[in-house]
Amino acid sequence: QVQLVESGGGLVQAGGSLRLSCAPSRTISSVNVMGWYRQAPGKQRELVADIRSGGTTNYANSVKGRFTISRDNARNTVYLQMNSLKPEDTAVYYCNIKTTAWSIGYWGQGTQVTVSS
């Protein structure tokens, strides 16, 4: 059973930065899309950013220009650099790793990001 381990969440003031990391407990074969989602209280989970195996990235409009997603294919690790954080970025952030054989993919347990005003 593969587990995704997330780290890097925490409490930060508005305008600050955090870097999230997500790595699997063991190597995953045929990794395709790696992404970050978030869920704020009372809201649905939403895509923040994802990155395909070829490097193509996709961002939610609300984070464009502030967040950067990257990946280390050798380690099956995905990162999310978050700059200029805003209180509305407060949420639990989840990583997701999809393979070519499993479109749902693996999910992390979530890491809390809290941005104070």
Q. Rounded to the nearest 0.05, what FRET efficiency is calculated for N61 and V2 with R0 set to 41 Å and r the Cβ-Cβ distance?
A. 0.85
Q.
Compute, for the chain, the length of the dipole vector about the Cα centre, with Cβ point charges of +1 (Lys, Arg) and -1 (Asp, Glu) only. Units Debye, rounded to 20.
A. 120 debye
Q: Give me the net charge of Q112's neighbourhood, meaning all other residues with Cβ under 13 Å from the Cβ of Q112; Lys, Arg count +1, Asp, Glu -1.
A: -1
Q: Name the lysines eligible as straight-distance cross-link partners of K43: C-alpha to C-alpha under 21 Å, and not fewer than 8 places from it in the same chain.
A: K64, K86
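Read-outs: derived from the displayed coordinates by stated rules, not from any lab. Small disclaimer: the values here were computed from a predicted structure and weren't measured. With ideal geometry, Cβ positions are generated from the backbone for all residues, glycine too; neighbour counts draw on all protein chains shown.
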